[in-house]
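One structure is given here, and the rest of the page talks about it.
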Amino acid sequence: QSRLEDLTLRLTSATDGVTLVGVDCPGDTAQTSKLRAIVVNVSTTATGASTLYGILSSGTSALTVSSSDLTRACTINVTASGTTGVKTGVHVAGPNRTSLRDTNIYSTGTASTMYGVDISDASGILQIRTSSINGSTYDVARTNGTLILQATDLANSTTNGKSFNVSTQPNIIDFGVYGKISNSTH
């Protein structure tokens, strides 16, 4: 039930073998907490193995649709110069529903596993709407779980070869009538 708004979080290290997590979402916080208009910067200059997550959603929550988005109007930056270890903008590692909206996600650097977003829990759901994702290795990666993209730009058009769902809005046709509407079908 927390809300974090209008600030920049910066986490950086030059040490090999560390795990850096910008925002951790244990329990049901992916559905009950809100990040609004924040910037999360997670980076390392270590040359060896390290693991970086801009947002790590590893908790357990209801898997049903809720009105709450974890992020809105946020930017997630993960930058690494090391060559090994996973570096991910947003990672869903638990049986929970995580929803992002209007979020820019960048995972860039020289590591062999630079993912914009990824999901690895078989029961997890990651829904991303009206956002932009840029990962040096893959924009989106799905090992298990459900990945739903709606009006989301994949900057490099890359995935790890696993499927994802695309949610589209139905076509709506607007029309108008000049003058008086008579007793006819329109």
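Does Tyr178 count as at pLDDT 95 or above and either within 22 Å of Thr84 (Cβ to Cβ) or surrounded by fewer than 19 Cβ atoms within 10 Å (Cβ to Cβ) (or both)? Taking the combined requirement at face value, the residue does not satisfy it.
Does Ser112 qualify as being in a loop (DSSP other than H, G, I, E, B), under 23 Å from Ser167 (Cβ atoms) and free of Cβ contacts under 8 Å to residues at least 60 places away in the same chain?
It is false that Ser112 is in a loop (DSSP other than H, G, I, E, B), under 23 Å from Ser167 (Cβ atoms) and free of Cβ contacts under 8 Å to residues at least 60 places away in the same chain.
Checking Asn144, Asn104 one by one, the residue that is outside any strand (DSSP E or B) and either open to solvent by 10 Å² or more (accessible area, probe 1.4 Å) or polar (S, T, N, Q) (or both) is Asn144 and no other.
Report yes if Ala46 is touching a residue at least 24 places away in the same chain (Cβ under 8 Å) and either part of a helix (DSSP H, G or I) or in contact with a helix residue (DSSP H, G or I) (Cβ under 6 Å, 6 or more places away or on another chain) (or both), otherwise no. No, not satisfied.
Taking the range 109-130 as the range and being under 17 Å from Asp69 (Cβ atoms) and open to solvent by 10 Å² or more (accessible area, probe 1.4 Å) as the test, the residues that pass are Ile125, Gln127, Arg129, Thr130.
Of the residues making up the range 12-26, those that are under 20 Å from the mean Cα position of the chain (by Cα) and surrounded by 14 or more Cβ atoms within 10 Å (Cβ to Cβ) are Leu20, Val21, Gly22, Val23, Cys25.
Does Thr71 qualify as being within 16 Å of the chain's Cα centre (by Cα), among the polar types (S, T, N, Q) and within 21 Å of Arg3 (Cβ to Cβ)? Yes: the conditions hold for Thr71.
The values are calculated or read from the model by the stated rules, or taken from the named source; none is laboratory data. The structure presented is a predicted model; accordingly, all values stated were derived computationally and were not measured. Positions of Cβ are backbone-derived with ideal geometry, glycine not excepted, and every protein chain shown enters the neighbour counts. Just the protein is used for accessible areas: all its heavy atoms, side chains included, with ligands, DNA and RNA removed. Shrake-Rupley method; radii C 1.70, N 1.55, O 1.52, S 1.80 Å.
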